[in-house]
Amino acid sequence: MPREEHHVDFLRWRRVRQRQKERQFYRLLDDVLAFAEKRTLLREKVRARHIFQQLTGRKPDQPAAMSGLAEQVFRIWYALDYLNIRQRRLIQEYLDAGGGAWLDKKSRLIWVSTLIASYYSIFSVTRAGEDWILKEMVSDLPPLTADPRYWPTEGWREGVSVIARPVKVGVHHLPVGPIRVMSQEESDDVRGFLERVYTHTKKHHPHLPWRVFMQRHGLGWLGQLESGGSD
């Protein structure tokens, strides 16, 4: 009898695995955001807002209420970056409270580590066929691909700059939180501001990576946009 041959449809397998990773990732992110919103005390949120206001460099004459963009960025920052009074991130508290139990331990740690390592940064945009290519400011990391199936690219055009928080999920980069497309004037203001702050910070920390700088000091981009670029 002729031997049966079994062919593995690799492309189909990869698509299935990709969809599985995306579902896991977005479900975990939604869970963490809900945990931060519903399972933390009011005084913790008040403390977090005060720190966020300082990090973004909001001016005294700005309104107490934050813009829609700032509120969205705060929600992501509060869940993923903010250190509470125990000096722990809320995403870590989420795990300690049993969050993500529907995932195996390895997957939980991978997604949590991926989210903690992510950060907002500035990217210049170019086109490559149906995709958009994002090149990060200052960083020597290779450009990343923004597939329109995953990124809200309406209104994008060659040469603009965007502020985004990308995360590698499977074979694709996906955005976490809001994305801000900047005008040329806004881009010049924000880039100039970050270059000045980064240069000053590196005088005291000469080996400070761009990633760490943006995570710890880079939120001033939001204050620049809200204040119209004055500093």
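Quick notes
- Residues of region 128-141 satisfying the condition of being under 19 Å from Arg191 (Cα atoms) and either of a type in the set (Asp, Glu) or part of a loop (DSSP other than H, G, I, E, B) (or both): Glu136, Met137, Val138, Ser139, Asp140, Leu141
- Number of the condition not met by Gly129 [criteria: (1) more than 16 Å from Ile179 (Cβ to Cβ); (2) within 17 Å of the chain's Cα centre (by Cα)]: (2)
- Near pairs, Cβ below 8 angstrom, 6+ apart or cross-chain, from region 27-40 (farther than 15 Å from Gln72 by Cβ and in contact (Cβ under 8 Å) with a residue 60 or more places away in the chain) to any residue that is assigned to a helix (DSSP H, G or I) and of a type in the set (Lys, Arg): Leu28/Arg108
- Residue in region 142-149 that is in contact with a Phe, Trp or Tyr (Cβ under 6 Å, 6 or more places away or on another chain), more than 21 Å from Gln224 (Cα to Cα) and surrounded by 15 or more Cβ atoms within 10 Å (Cβ to Cβ) present: yes
- Test: Gln18 is in contact (Cβ under 8 Å) with a residue 24 or more places away in the chain, among the polar types (S, T, N, Q) and surrounded by fewer than 16 Cβ atoms within 10 Å (Cβ to Cβ): yes
- Region 150-164, subset buried (at least 19 other Cβ atoms within 10 Å of the Cβ) and touching a helix residue (DSSP H, G or I) at 6+ places or on another chain (Cβ under 8 Å), residue farthest from Val32 (Cα to Cα): Ser161
- First in region 213-231 and modelled with pLDDT of 85 or more, second anywhere and small (Gly, Ala, Ser) and open to solvent by 60 Å² or more (accessible area, probe 1.4 Å), Cβ under 9 Å, 6 or more apart: Gln224/Ser230
- Of all the residues in region 105-131, those that are farther than 24 Å from Leu80 by Cβ, out of contact with any Leu (no Cβ under 7 Å at 6 or more places or on another chain) and either open to solvent by less than 70 Å² (accessible area, probe 1.4 Å) or touching a residue at least 60 places away in the same chain (Cβ under 8 Å) (or both) number 5.
- Looking only at residues in region 180-231 that are open to solvent by 40 Å² or more (accessible area, probe 1.4 Å) and in contact with a strand residue (DSSP E or B) (Cβ under 7 Å, 6 or more places away or on another chain), the one that is nearest to Phe74 (Cα to Cα) is Arg180.
- Any hit, region 134-141, residues being aliphatic (A, V, I, L, M) and over 21 Å from Ile76 (Cβ atoms): yes
- If you go through region 89-104 and pick out every residue that is open to solvent by 60 Å² or more (accessible area, probe 1.4 Å) and assigned to a helix (DSSP H, G or I), you end up with 1.
The values are calculated or read from the model by the stated rules, or taken from the named source; none is laboratory data. On a predicted model such as this, the values are computed, not experimentally measured, just so you know. Counting neighbours? That spans all protein chains shown, and the Cβs are built from the backbone with ideal geometry, glycine included. With ligands, DNA and RNA removed, areas are computed over all heavy atoms of the protein, side chains included. Shrake-Rupley method; radii C 1.70, N 1.55, O 1.52, S 1.80 Å.
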